Amino acid sequence: MTAKEFLSQAHLLDLRINTKIGQVEQLNSLAQKCTATLSNMPKNPNRGGSRLEETVCKIVDLQEEINRDIDTLVDLKNKIIKVIKQVDNPEYQIILEKRYLSFYSWKRIARETCYSEQHIFRLHNAALNEVDLILKDESKNS
């Protein structure tokens with residue numbers, strides 16, 4: 001796994017979590033729209049629970065999945081932090097943290113560090129090279 005792939009894992013997981021949170025919000029909205037229909041017509045005894053009950057179960061399952069993903073994200077970010085701390089250059093560390101832990105855009109990183117985007121890209125590439133070396137060294141020791 002390359003340095004960029006390793007560092008990008010957190011962002012991808014964060015995006016998946018945010019997608020699932022959006023799904024929970026949609027299900028909550030749907031659950032609020034569910035209403036009981038009162039009728040004197042006989043019901044099918046083989047039919048399962050109500051739509052509301054099904055929706056609530058889906059919400060609970062999805063929230064549990066989100067919690068597991070958040071735990072995984074926290075663990076992953078801790079691994080990334082440990083690797084970034086092994087990088088000797090503090091400028092590299094800052095760029096890596098802003099990009100792969102805070103998920104900042106390149107423009108925002110350039111603005112906050114008072115560097116041009118081109119210079120940020122050069123520093124980022126050098127930082128990735130250092131991370132590659134760290135990851136290779138860790139895989140040898142494992």
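We did not get these values from a lab; they are worked out from the coordinates using the rules stated. For clarity, every value in this text was computed on a predicted model and none was experimentally measured. Cβ: placed from backbone, ideal geometry, glycine included. Neighbour counts: every protein chain shown.
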*Can you figure out the FRET efficiency of residue 8 with residue 142, using R₀ = 25 Å and their beta-carbon distance, to the nearest 0.05?*
0.75
*Fully extended, how many nm does the chain gain between residue 77 and residue 62 (0.36 nm per residue separation, minus their Cα-Cα distance)?*
3.2 nm
*Segment residue 119-residue 29, extension gain: residue separation times 0.36 nm, minus the distance between their alpha carbons*: 27.8 nm
*Mind pulling up the Rg/Rh value for the chain? Radius of gyration and Kirkwood radius, both on Cα.*
1.25
_Stretchable slack from residue 53 to residue 104, in nm (0.36 nm times residue separation minus alpha-carbon distance)_ = 14.4 nm
*If each of residue 129 and residue 86 carries a label point 7 Å out from its Cα toward its Cβ, how far apart are those two points in nm?*
1.8 nm
_If the reach is capped at under 30 angstrom between alpha carbons, list the lysines near residue 79, excluding any in the same chain fewer than eight residues apart._
4, 20, 98, 107, 136, 140
_Extreme residue, positive dipole direction of the chain, given options 120, 22, 67 (C-beta unit charges)_ = 22
_Leading residue at positive end of dipole, the chain (Cβ point charges), from 92, 105, 8_ = 105
